[in-house]
Amino acid sequence: MKVTKVFAPKGTYDLLPDEAAAWRYLEGMVHRIFREYGYGELRTPIFEHTELFQRGIGETTDIVEKEMFTFTDRGERSITLRPEGTASIVRAYLEHNLAAAGGVAKLYYYGPMFRCEAPQAGRFRQFSQFGVEALGSSDPRVDAEVIALAVNIYRRLGISDLEININSIGCPTCRPLYRERLLEHLRPHVAEMCPNCQRRLERNPLRLLDCKNENCKRLTDNIPLITETLCSDCGGHFQQLMQYLDGIGVRYRINPRLVRGFDYYTKTVFEVVAGDLGAQNALCGGGRYDGLIEECGGPPTPGIGFAAGMERLMMVLKSRNLLPQVKEKPQLYLAPLGMEARQALFPIMIQLREAGWIVETDLLGRSLKAQLKSADKLGVPLVGVLGEDELRNGQILIRHMDTSQQELVPITDLVAILKKKFQPSAEFHE
């Protein structure tokens, strides 16, 4: 019977060893920058009760309506693989009473998210996302800090041609007025809208500003600007945010069409955009959500954050050759000749690895010529050859692969030779 070859599910991918090394480099950079800004990591489950996302993200959003991986578990509970990180962070913040510590809870996350959507450039059904959440302060300085943090990540990675789009979408006090002005402008054109916008018009008309359909864009070309209807609190908050961004040299553009895709946003929303990603050009996006914690059962608590996709970031770094050589080559290749040599070298190899050195060896019983060829392919600078004569004399032949020079040294000198030429693995000491 012919066995059918199995492939990864659509919208997922494998990270092969060389690619995973690049990801580890990038993950390390992101973790380090978050720590520099005083954020602590919070790890949440990859699935939650479906209600959390319905209440937190909003039932009128595309994610909740069409994109969530939802199933019923054996206890007849509705469970959803997390499609984003903020709702889970808020749930954990409330469940563990992190507010009791006082001050602002500055949290970050990193991990896989899941959305059942059509795969496209830099976008997958299982994808990796990192982000921050600052909970407990309505001060516009926090908004500026979060935006500066996002910008700093990309600049530190060498991406300098960034565009930062900002907007304010108001609050429950002033947004209803803008909603009515928007409906008054759009209702006469409902027949010209795409099916999604027709459905959204009465439920969440702000989402029409985010529609990518060219005809819908045309219908909203001359709409009233939301910044014209902001209450004094929202208007003052937005002005102060811009002053703080000006003060730290972050250049931005006010984009009145920017509303973001989640229902929980209030006041500040923003996106960081790169120029070479085509239509899907946002590297990260976020905003303020001062009503979300209350919506999830907690006391009124302001919050702001952003989320960013690793896959899109990797696309940009690769396209611009900004990824450094991150694959660590073995520092020593041990080439045993014969069974006794293998038995003698095996504990030495393990001891060297436990001390942090990157050591490789032959596991196929191949000839010396084949082993040297393998070491050369791996780019190993030193090869230690142990044959019968060397074993009998307690020595090992060290071959310097760059010069082909060889020297006999006592086996006990291996560590000293490595210390003279290399440091132990950086990952071992991280």
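Some notes on this structure:
- Taking region 208-223 as the range and being part of a loop (DSSP other than H, G, I, E, B), surrounded by 13 or more Cβ atoms within 10 Å (Cβ to Cβ) and either under 31 Å from the mean Cα position of the chain (by Cα) or at pLDDT below 80 (or both) as the test, the residues that pass are Cys211, Asn213.
- Qualifying residue in region 224-241 (condition: open to solvent by 30 Å² or more (accessible area, probe 1.4 Å), closer than 22 Å to Asp290 by Cβ and acidic (Asp, Glu)): yes
- Test result for Ile89, under 16 Å from the mean Cα position of the chain (by Cα), among the hydrophobic types (A, V, I, L, M, F, W, C) and either open to solvent by 40 Å² or more (accessible area, probe 1.4 Å) or over 26 Å from Lys212 (Cα atoms) (or both): yes
- Top-ranked residue of region 20-61 - restricted to ones that are within 15 Å of the chain's Cα centre (by Cα) and among the acidic types (Asp, Glu), ranked as most open to solvent (accessible area, probe 1.4 Å): Glu41
- Test: residue in region 209-223 that is in contact with a Ser or Thr (Cβ under 8 Å, 6 or more places away or on another chain) and not hydrophobic (A, V, I, L, M, F, W, C): no
- Only one of Arg253, Arg218 that is of a type in the set (Lys, Arg) and within 29 Å of Val142 (Cα to Cα): Arg253
- Check on Gln331, surrounded by 15 or more Cβ atoms within 10 Å (Cβ to Cβ) and at pLDDT 95 or above: no
- Selection within region 397-414: residues that are aliphatic (A, V, I, L, M) and open to solvent by less than 60 Å² (accessible area, probe 1.4 Å). The member of this set that is farthest from the chain's Cα centre (by Cα) is Val409.
- Condition check for Glu388: open to solvent by 60 Å² or more (accessible area, probe 1.4 Å), in contact with a Gly (Cβ under 7 Å, 6 or more places away or on another chain) and over 16 Å from Phe422 (Cα atoms): yes
- Residue identified as of a type outside the set (D, E, K, R) and out of contact with any Gly (no Cβ under 9 Å at 6 or more places or on another chain) among Pro324, Pro302: Pro324
- Residue check for Ile293: farther than 17 Å from Ser168 by Cβ and surrounded by 15 or more Cβ atoms within 10 Å (Cβ to Cβ): yes
- Pick from region 267-282, criterion in contact with an Asp or Glu (Cβ under 9 Å, 6 or more places away or on another chain) and at pLDDT 90 or above, ranking: most open to solvent (accessible area, probe 1.4 Å): Glu271
- Selection of region 248-258 for residues being within 19 Å of Ala148 (Cα to Cα), open to solvent by less than 90 Å² (accessible area, probe 1.4 Å) and either in contact (Cβ under 8 Å) with a residue 40 or more places away in the chain or of a type in the set (Asp, Glu) (or both) yields Val250, Tyr252, Ile254, Asn255, Leu258.
- Residue count for region 318-334, restricted to those that are closer than 26 Å to Gln423 by Cβ and either free of Cβ contacts under 8 Å to residues at least 60 places away in the same chain or part of a helix (DSSP H, G or I) (or both): 5
- Within region 105-207, helices (runs of 4 or more DSSP H) holding 3 or more residues that are at pLDDT below 90 and open to solvent by 40 Å² or more (accessible area, probe 1.4 Å): 175-186, 195-203
- Taking every residue in region 168-190 that is within 17 Å of Cys234 (Cβ to Cβ) and pairing it with any residue that is at pLDDT below 90 and aromatic (Phe, Trp, Tyr), at least 6 positions away or on another chain, the pairs with Cβ-Cβ distances below 7 Å are Ile169/Tyr265; Gly170/Tyr178.
- Test: residue in region 296-310 that is part of a loop (DSSP other than H, G, I, E, B), of a type in the set (Val, Ile, Thr), over 30 Å from Arg55 (Cα atoms) and touching a residue at least 12 places away in the same chain (Cβ under 8 Å): no
- Candidates Leu337, Leu364, Leu378 - the one that is in contact (Cβ under 8 Å) with a residue 12 or more places away in the chain, over 30 Å from Cys284 (Cβ atoms) and surrounded by fewer than 19 Cβ atoms within 10 Å (Cβ to Cβ): Leu378
The values are calculated or read from the model by the stated rules, or taken from the named source; none is laboratory data. Predicted, not measured: the structure shown is a model, and the values here were computed from it. So basically every Cβ, Gly included, is an ideal-geometry build from the backbone, and we count neighbours across all protein chains shown. The protein model used for the area step is the full one, side chains on, heavy atoms only, and it has no ligands, DNA or RNA in it. Shrake-Rupley method; radii C 1.70, N 1.55, O 1.52, S 1.80 Å.
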